[in-house]
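The values are calculated or read from the model by the stated rules, or taken from the named source; none is laboratory data. None of these values were measured; they are calculated from a predicted model. Please note that ligands, DNA and RNA were not included when accessible areas were found on the heavy atoms of the full protein model with its side chains. Shrake-Rupley method; radii C 1.70, N 1.55, O 1.52, S 1.80 Å.
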Amino acid sequence: MENNAYQSLLALGQETQLVGDAQALLSWDQEVLMPAKGVDYRGRQMAWFSGWIHDKLTASEVGEWISQAEAESGGAS
């Protein structure tokens, strides 16, 4: 399969969705099952996940992939 900008964006979306799903599960657990003494550690986990997703989605290559994908598709509509 050709490794073009659109495929890179799709892969990024899939990867960040997987991590976001894990974060959502941790959030649910925090509300339903987590012991009170786990709050500090859970906060660090949630912050890490949020930071990781933010870093991935705001990386400089993402803007380049978007521009390339637009060019590959014939331009933005």
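Over the chain, what percent of the accessible surface lies on carbon and sulfur atoms, probe 1.4 Å?
Ligands and nucleic acids excluded, carbon and sulfur give 56 percent.
Taking the 0 to 90 degree range and rounding to the nearest ten, how far is the long axis of helix 5-32 tilted relative to the main principal axis of the chain, both from C-alpha atoms?
10 degrees
With a 1.4 Å probe and all protein chains left in place, how much accessible area per residue does the chain have, in Å²?
74 Å²
Expressed in nm to one decimal, what extension gain is obtained for the pair residue 16 and residue 46 from 0.36 nm per residue of sequence separation less their Cα-Cα distance?
Fully extending the segment from residue 16 to residue 46 adds 9.4 nm.
Helix 39-57 against the longest principal axis of the chain: what's the angle in degrees, Cα atoms only, rounded to the nearest 10?
0 degrees
How are the Cα pair distances of the chain distributed, in percent, across 5 Å bins from 0?
Spelled out per bin, shortest first, that is 3, 14, 19, 17, 13, 11, 8, 7, 5, 2, 1.
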